[in-house]
1. Of the conditions (1) assigned to a loop (DSSP other than H, G, I, E, B); (2) free of Cβ contacts under 8 Å to residues at least 12 places away in the same chain, GLU172 satisfies every one except a single condition; which number is it?
2. When the residues of region 153-189 are filtered to those that are of a type in the set (A, V, I, L, M, F, W, C) and out of contact with any helix residue (DSSP H, G or I) (no Cβ under 9 Å at 6 or more places or on another chain), which remaining residue is surrounded by the most Cβ atoms within 10 Å (Cβ to Cβ)?
3. Assuming LEU166 fulfils every condition listed in (1) outside any strand (DSSP E or B); (2) under 21 Å from MET91 (Cβ atoms); (3) not β-branched (Val, Ile, Thr) apart from one, which condition is it?
4. For region 110-130, which positions are hydrophobic (A, V, I, L, M, F, W, C) and over 16 Å from SER83 (Cβ atoms)?
5. Kindly indicate whether any position in region 20-37 is in contact (Cβ under 8 Å) with a residue 12 or more places away in the chain and in contact with a helix residue (DSSP H, G or I) (Cβ under 6 Å, 6 or more places away or on another chain).
6. Considering only residues of region 105-147 that are of a type in the set (D, E, K, R) and over 19 Å from the mean Cα position of the chain (by Cα), which is least open to solvent (accessible area, probe 1.4 Å)?
7. State all residues of region 6-37 that are among the small types (Gly, Ala, Ser) and outside any loop (DSSP other than H, G, I, E, B); if no residue qualifies, say none.
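The values are calculated or read from the model by the stated rules, or taken from the named source; none is laboratory data. Values in this document were obtained by computation on a predicted structure and should not be read as measured data. Don't worry about glycine lacking a Cβ; one is built from the backbone with ideal geometry, like all the others, and counts go over all protein chains shown. Note: accessible area is taken over every heavy atom of the protein model, side chains too, but ligands, DNA and RNA are not part of it. Shrake-Rupley method; radii C 1.70, N 1.55, O 1.52, S 1.80 Å.
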Amino acid sequence: DVVLNASVRREADVLNLAPTSSSTVAMGIGDALAIALMGARRFSHQDFARFHPSGQLGRSLWLCVADVMHERSKTGCILPDDSIREVVMVMTQYPLGAACVLDPGGMLAGIITDGDLRRALQQYDDIRPLSARDIMTSRPVTISPDAPLREAETLMEQRRSQISVLPVVDREHRYLGLVRIHDLYSSQQ
């Protein structure tokens, strides 16, 4: 048998009655034991998702991008030679914060975000002669439909300049849809 001494000399409150220090010590010991057991039993992401399917962490492990993404037919798609006016019209019709630029074969050629439009307005005195090709990000960060939500969140937030939308593509780089950071968080509630 092993005894883990979790006693405290004094609680934090002035009357030494409310379980403040003792509850913090008990929680710390419990967390340490749980982490040690996870390591000893090789507890995996899949195990966590199986035993905690309804919590925020569990849902982010078992839900995948395909579960929350906006399918291609419900997103703004444009061609590289489309005018900026057409880009704005499509982004207004599909207000997701971006329009995906596709080649004639449906392959992702780039993305134009709300921020790209604002930067174009700052950079050019007259945007009318510009096409989508002129302001798009030609190699955007993408994700596959079967990626876990946690991976999408990491791709969007763990970077120098955070992004709020990701094009979803298949192995051949065919455009399938769009996922927004908002979609990730609203799915976890």
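1. Only one criterion in (1) assigned to a loop (DSSP other than H, G, I, E, B); (2) free of Cβ contacts under 8 Å to residues at least 12 places away in the same chain is unmet by GLU172, namely (2).
2. VAL169
3. (1) is the only condition that LEU166 fails.
4. Passing the criteria: only ILE111.
5. No; the residues of region 20-37 include none that is in contact (Cβ under 8 Å) with a residue 12 or more places away in the chain and in contact with a helix residue (DSSP H, G or I) (Cβ under 6 Å, 6 or more places away or on another chain).
6. Ranking the candidates gives ASP116 first.
7. Passing the criteria: SER21, SER22, SER23, ALA26, GLY28, GLY30, ALA32, ALA34, ALA36.
Listed here are the residues, each with its yes/no results for (1) in contact (Cβ under 8 Å) with a residue 60 or more places away in the chain; (2) over 23 Å from VAL65 (Cα atoms).
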{"residue": "PRO104", "(1), (2)": "no, yes"}
{"residue": "ILE111", "(1), (2)": "no, no"}
{"residue": "ALA120", "(1), (2)": "no, yes"}
{"residue": "GLN123", "(1), (2)": "no, yes"}
{"residue": "SER138", "(1), (2)": "no, no"}
{"residue": "ALA147", "(1), (2)": "yes, no"}
